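Trainee: Mind looking over this structure? Questions follow.
The values are calculated or read from the model by the stated rules, or taken from the named source; none is laboratory data. Since the structure is predicted, the reported quantities are computational estimates derived from the model, not experimental observations. As a convention, Cβ positions derive from the backbone with ideal geometry for all residues, glycine included, and neighbour counts pool all protein chains shown. Areas reflect the complete protein model, heavy atoms only, side chains present, ligands, DNA and RNA absent. Shrake-Rupley method; radii C 1.70, N 1.55, O 1.52, S 1.80 Å.
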Amino acid sequence: MKLDWPFTENMVLQRDSRVTLSGTGEGRITVSFRNRDYCCECRNAKWRIEIETGEAGGPFSIRMHSFTNDIVLHEVMIGDVFLAAGQSNMEFKMSQTNDRIPQEEDFRNIYYLNVPQYVVRENGKWFPDVPEEGWKPVNRDTVDDLSAAAFWTAVNLNRDIPIGIISCNKGGTSASSWISDQTLKSDPSLYKHYRVQYEQSLKGTNGEQKKDTQDYFRGLEEYRIYLKEYMDKHPELSEGDIKDKIGHTPWPPPKAYCDFRKPNGLYRTMFRRIVCMPVKAVMYYQGEDDVEYPDHYQDLLTLLIRSWRHDYRSCTLPFFIVQLPDYRTGFVPIREAQRRTSTSLKHVFLTVTLGTGDTINIHPQHKYIVGERLAASIRRNLYGEDVLISPEIKRVKYETGKYHLLYDRMLKNRKITLHITADDKEESIAAYAEGREVSFVHEKNVGEISYACEDVPEIEIQGITGLPASPFSIKV
């Protein structure tokens, strides 16, 4: 009898849920957990048993018995599990940040699983050849390999139950990389822009494509080794400063059938492998790689959310979207698409990250504030705690020549600048934030109102504690 990955010691299972354990074997399998026995018969040398997790607690043991052998998983915890999904800024590890690691007692009871970044399976082997590791408790020996944004979120959740992080992400990926081919086909426009155009760009045979990909990864590994050696010799320099001296990370990889960036590239090889583990919510930090087709991003992100909810069999699975921060180019329409997605779908929440970006580095070296804001949104929207989050615009009201932008919470009183379109002409206009609204006077018919729609905008609309409101572009 064998147990499938990702079921390992130190794992966290979602409390008050049903989890289907699976594996291979022969005959009758018995699973014992929390004073209950569950049984099944193997079919075609495979077995599946659904267990009830119950309330939060641990550590527990899960015992599996067959006529050939026994398996015991120790240190199994029951708590809340979060999927940390997206691309490089979610993948960005604690070892890469300039954040100071807190005292170890501040992150006890946190566990994580890094999903192997496999792209294809051929002849019974995964490509690329990377280790398939199990769950780990977070401590000073393991924290470096954890997503920094996810780590700081977990720390700031301030829960007294076990927290599990499933880190399923990959730098340089479009949202289309995480959606099944069948799902993409349900939207002909998206399928054309992503899947069809990618397939048409492929050159050479599969063997030639794989060789080019392997050569790229060898070069990438050599660059990473050199980068680390340079960083060790020059601790006074940031990673960005060092890359300015030695050159930036080799990019992009060649297009190939085994390219992780291809549409549907990681859906089955990464995401589908962990759907067997129910989660409390999804934390999604992505969008940088979709600036090529910004007009399609809201539809693409909406499709991903609906697809993953279908896979998790939960139409209300909460999604916490991390809005892209300040950066020198390209993010403005993606931010707006993220905001609109959060307002058009139920149980989708936006974490505003203005003020946390690096105008010249797409990978900000500090992730603490991102995690702090993301945790605050989770605490308020998921756990019902009375914590402050960024103010959200709810609607626009017009009264006799005066426009009122109504927010859901108190704002800092101040003068701000808005951009409007009136009678097909664009202009900047002075407005005033006071109480729960931003207002301005205009005699003409205003068709659109925009705020902070620059690559690196000035933060003007803030909550009373200084948390920034999201940029927006709203038709009136």
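Trainee: With the condition being open to solvent by less than 50 Å² (accessible area, probe 1.4 Å), at positive phi and without any contact (Cβ under 8 Å) to a residue 12 or more places away in the chain, I'd like the helices (runs of 4 or more DSSP H) fully within the stretch 182-237 carrying at least 1 qualifying residues.
Mentor: Values: elements: 188-191, 197-201, 206-233.
Answer list for the stretch 182-237: none.
Trainee: Are any residues in the stretch 401-427 open to solvent by 20 Å² or more (accessible area, probe 1.4 Å), assigned to a strand (DSSP E or B) and over 16 Å from V476 (Cα atoms), and if so, which ones?
Mentor: R414, K415, T417
Trainee: Could you please find all residues in the stretch 17-40 being open to solvent by 100 Å² or more (accessible area, probe 1.4 Å), assigned to a strand (DSSP E or B) and either touching a residue at least 12 places away in the same chain (Cβ under 8 Å) or among the polar types (S, T, N, Q) (or both)? Walk me through it before giving the result.
Mentor: Within the stretch 17-40, the subset open to solvent by 100 Å² or more (accessible area, probe 1.4 Å) is 18, 26, 28, 35-37.
In the following step, the residues that additionally are assigned to a strand (DSSP E or B) were identified as 18, 28, 36-37.
If the condition is that a residue be open to solvent by 100 Å² or more (accessible area, probe 1.4 Å), assigned to a strand (DSSP E or B) and either touching a residue at least 12 places away in the same chain (Cβ under 8 Å) or among the polar types (S, T, N, Q) (or both), then R18, R28, R36 are the ones that fit.
Trainee: Now for a separate question. Just checking, how many residues over the stretch 334-364 are more than 17 Å from the chain's Cα centre (by Cα) and small (G, A, S)?
Mentor: Qualifying residue count, the stretch 334-364: 2.
Trainee: Would you check which residues across the stretch 271-304 are of a type in the set (A, V, I, L, M) and closer than 30 Å to S473 by Cβ and list them?
Mentor: Pass one, the stretch 271-304, residues of a type in the set (A, V, I, L, M): 274-275, 277, 279, 281-283, 291, 300-301, 303-304.
Hits for the stretch 271-304 are A281, V282, M283, V291, L300, L301, L303, L304.
Trainee: Let me ask another. Do we have any residue at all in the stretch 265-286 that's open to solvent by less than 10 Å² (accessible area, probe 1.4 Å), within 19 Å of Y118 (Cβ to Cβ), in contact with a strand residue (DSSP E or B) (Cβ under 7 Å, 6 or more places away or on another chain) and modelled with pLDDT under 95?
Mentor: Looking through the stretch 265-286, none of the residues is open to solvent by less than 10 Å² (accessible area, probe 1.4 Å), within 19 Å of Y118 (Cβ to Cβ), in contact with a strand residue (DSSP E or B) (Cβ under 7 Å, 6 or more places away or on another chain) and modelled with pLDDT under 95.
Trainee: Same structure again: So how many residues does the stretch 238-259 have that are under 18 Å from Q365 (Cα atoms), touching a residue at least 60 places away in the same chain (Cβ under 8 Å) and in a loop (DSSP other than H, G, I, E, B)?
Mentor: Adding up the residues that qualify gives 1.
Trainee: Out of the stretch 433-475, which residues are among the aromatic types (F, W, Y) and either touching a residue at least 60 places away in the same chain (Cβ under 8 Å) or over 23 Å from I389 (Cβ atoms) (or both)? Show your work before the answer.
Mentor: Initially, the stretch 433-475 is screened for residues among the aromatic types (F, W, Y), giving 440, 451, 472.
F440, F472, listed by residue number.
Trainee: Moving on. Being modelled with pLDDT of 95 or more, touching a helix residue (DSSP H, G or I) at 6+ places or on another chain (Cβ under 8 Å) and closer than 23 Å to R195 by Cβ narrows it down to one residue among L317, L324, L300; which is it? Quick ask: steps written out before the conclusion?
Mentor: Working: L317 fails: closer than 23 Å to R195 by Cβ; L324 fails: closer than 23 Å to R195 by Cβ.
It is L300.
Trainee: Might you check whether a residue that is open to solvent by 30 Å² or more (accessible area, probe 1.4 Å), outside any loop (DSSP other than H, G, I, E, B), closer than 30 Å to T213 by Cα and in contact (Cβ under 8 Å) with a residue 12 or more places away in the chain occurs anywhere in the stretch 70-88? Walk me through how you get there before you give the answer.
Mentor: As a first pass, look at the stretch 70-88 and keep what is open to solvent by 30 Å² or more (accessible area, probe 1.4 Å): 70-72, 74-75.
Next, only the ones that are outside any loop (DSSP other than H, G, I, E, B) stay: 70-72, 74-75.
Still in the running and closer than 30 Å to T213 by Cα: none.
Within the stretch 70-88, not a single residue is open to solvent by 30 Å² or more (accessible area, probe 1.4 Å), outside any loop (DSSP other than H, G, I, E, B), closer than 30 Å to T213 by Cα and in contact (Cβ under 8 Å) with a residue 12 or more places away in the chain.
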